[in-house]
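Input: a single structure, listed below in structure tokens.
The values are calculated or read from the model by the stated rules, or taken from the named source; none is laboratory data. Source: prediction; values computed, not measured. Every residue, glycine among them, receives a Cβ derived from its backbone with ideal geometry; neighbour counts consider all protein chains shown.
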Amino acid sequence: MDCFFDLIAAGKVKIRIMFRQNTIQPRYLTPDHHEQKFFILYYLFLKKGFGLDCSPVVRGGVRVRIYPDQIPDTKAKLDRFRNFLARLSNRPEFRERNIRVAKEDITDVISHDHVILQCLDIVLGAMHFKLNDLQKKRVPGKVHREKRTREKDKLYKLINFRIRQIYSNFNIGVSTARRENDSRWTDEYRHWILMPRASNRIVIPGSKHKKRKKVTEAP
């Protein structure tokens with residue numbers, strides 16, 4: 001992790017984590033939305049998460065290659081997914097920068113065979129661990145946490161420390177604030193909480209202060 005974050009601090013690798021709050025439930029979703037939810041989330045993530053729409057203009061344009069983790073779905077749906085992502089090239093902000101996303105440049109990979117994706121999986125897992133308060137988990141009847149839980153907690157604290165060296169005001173539970181207009185592109189590490197335009201918020205009944213249920217997941 002130290003080696004990985006050295007590369008991030010040097011600008012060789014950029015990390016973007018997207019997650020959602022389970023207390024915020026989207027409204028007006030159709031059966032097709034539910035069926036295609038993975039592809040829709042991936043499209044939104046690529047469209048906004050990395051700040052390609054505010055990246056500098058490069059002479060001759062830019063060709064983007066996309067390597068999603070192995071997608072467990074039918075070949076027909078994968079082809080539809082690739083066509084879906086390739087349409088990013090038609091967006092005005094992408095055409096202005098001559099950013100091209102070709103269908104043949106979208107290839108799913110197995111993260112276990114890809115060192116950078118392995119490191120990313122560890123960071124993502126650490127965020128999921130903390131966002132869901134799993135560091136507090138104890139086996140019923142035992143006072144102390146299991147060794148595996150303690151080790152995961154130590155790993156998260158290391159990752160959090162390294163992120164704060166890059167972004168001192170880092171807050172795991174919210175979208176990372178912009179330091180500049182093009183921060184979505186320039187920042188080495190950013191979090192993005194996905195917020196539906198139309199949603200309901202779940203509140204635990206009977207609470208004096210109406211405490212919200214703290215259940216979060218990183219997709």
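Residue count for region 151-178, restricted to those that are out of contact with any Phe, Trp or Tyr (no Cβ under 8 Å at 6 or more places or on another chain), within 24 Å of Leu7 (Cβ to Cβ) and either in a loop (DSSP other than H, G, I, E, B) or basic (Lys, Arg) (or both): 8.
Restricting attention to region 18-39, the residues that are part of a helix (DSSP H, G or I), surrounded by fewer than 16 Cβ atoms within 10 Å (Cβ to Cβ), modelled with pLDDT under 85 and not basic (Lys, Arg) add up to 5.
Filtered by the rule that a residue be surrounded by 15 or more Cβ atoms within 10 Å (Cβ to Cβ), out of contact with any Lys or Arg (no Cβ under 6 Å at 6 or more places or on another chain) and under 18 Å from Leu44 (Cβ atoms), region 184-198 gives Arg184, Trp185, His191, Trp192, Ile193.
Give the residue, chosen from Lys130, Lys136, that is touching a helix residue (DSSP H, G or I) at 6+ places or on another chain (Cβ under 9 Å), under 27 Å from Gln21 (Cβ atoms) and loosely packed, with under 14 Cβ neighbours inside 10 Å.
Unique residue meeting the criteria: Lys136.
For region 43-83, the set of residues classified as part of a helix (DSSP H, G or I) and within 20 Å of His114 (Cα to Cα) consists of Leu46 only. If you go through region 139-150 and pick out every residue that is surrounded by 11 or more Cβ atoms within 10 Å (Cβ to Cβ) and either out of contact with any helix residue (DSSP H, G or I) (no Cβ under 8 Å at 6 or more places or on another chain) or part of a loop (DSSP other than H, G, I, E, B) (or both), you end up with 3.
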